[in-house]
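The values are calculated or read from the model by the stated rules, or taken from the named source; none is laboratory data. Note that the structure is a prediction, hence the values are computed from the model and not measured. For neighbour counting, all protein chains shown are included, and Cβ atoms are generated from backbone atoms with ideal geometry for every residue, glycine included.
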Amino acid sequence: MSDAVTLATLRRMKAEQKPIVSLTAYDYSMAQAVDAAGVDVVLVGDSLGMVMQGHDSTVPVSLEEMTYHTACVARGLKRAYLMADLPFLSDFDAKTAIHSAAMLMKEGGADMVKIEASAEQAPIVEAMVRAGIPVCAHFGLRPQRVGQLGGYRVQGRGEAAAEQVLTDARALEAAGADMLLVECLAASVASQVRAEVSVPLIGIGAGVDCDGQILVIQDILGLTPGRPPSFSHDFLADTGSIAGALEAYVSAVRGQSFPSDAHRFE
Ligand code: KIV
């Protein structure tokens, strides 16, 4: 029997409280290295617009570019589960989202598609799930909405904002999302989401009390120009090699030493 990671593996890991390790990758050779290090879920994120293409947001990334990078990464993976992002406005209604997801899965080889969504987009998630698409719903901070949000800010602060996040989580799970991902979220709110939902919850800048963690690979390899996000950590500086950094990240997430209190928001 293959030991390839599937949705069943991820559900079992949640049930057994074994932290899920996730990381971005955008090309074949990095995908091979990440896979060999034991990362469970590889994300081809639309963050590639910033870290690979040099844009100042994820907004310019096209579906064709996402599909190209997803196919490159797919060729480098043996074990990890492959998730790919729906880029800005490739999901503005259910029909468009299904068409876009089909391209990421059929041409790119993605196992699962991630959509930035709140409760408002639950009907789109529901239609995708009905069409047979494994869906991860990404909420809290939604980088594609950074123009509307007025910057990259911590989400879920204050009673009303926390309640809104919980409403989003309930609606997206009820719509059939197979996995949830929260970004830049007050850690106590992430913890409440985790306790309420039955699907795996992956966090980035959301504290240790999630079912798994994800980071952008450039951040853990110290390649991010300027000041790296405060919720991230440069594992290459600790270890001196790419393979060492990947292994250190995997073991820190598994052992729950990352994220530490220094990486959490309240
Ligand atoms: O695009 C991306 O890399 C992401 C992660 C930050 C979760 O969505």
Give the number of residues within segment 208-232 that are more than 14 Å from residue 255 (Cα to Cα) and away from the ligand (no atom under 11 Å from the Cβ). 10
Which residue, of 94, 102, is surrounded by fewer than 18 Cβ atoms within 10 Å (Cβ to Cβ) and over 26 Å from residue 34 (Cβ atoms)? 94
Are there any pairs with C-beta distances below 9 angstrom linking a residue in segment 142-168 that is under 20 Å from residue 180 (Cα atoms) to a residue that is among the aromatic types (Phe, Trp, Tyr) and modelled with pLDDT of 95 or more, with the two at least 6 apart or on different chains, and if so which? 144/88; 155/139; 165/139; 168/139
Against the definition (among the polar types (S, T, N, Q), part of a loop (DSSP other than H, G, I, E, B) and in contact (Cβ under 8 Å) with a residue 24 or more places away in the chain), how does residue 29 come out, yes or no? no
Looking at segment 142-149, is at least one residue buried (at least 19 other Cβ atoms within 10 Å of the Cβ) and among the small types (Gly, Ala, Ser)? no
Can you name the number of the only condition in (1) of a type in the set (Val, Ile, Thr); (2) out of contact with any strand residue (DSSP E or B) (no Cβ under 7 Å at 6 or more places or on another chain); (3) under 22 Å from residue 214 (Cβ atoms) that residue 165 fails? (2)
So, in segment 178-196, exactly how many residues are more than 15 Å from the ligand (Cβ to nearest atom) and more than 15 Å from residue 162 (Cα to Cα)? 1
Within segment 27-50, is even one residue acidic (Asp, Glu), modelled with pLDDT under 95 and surrounded by fewer than 21 Cβ atoms within 10 Å (Cβ to Cβ)? no
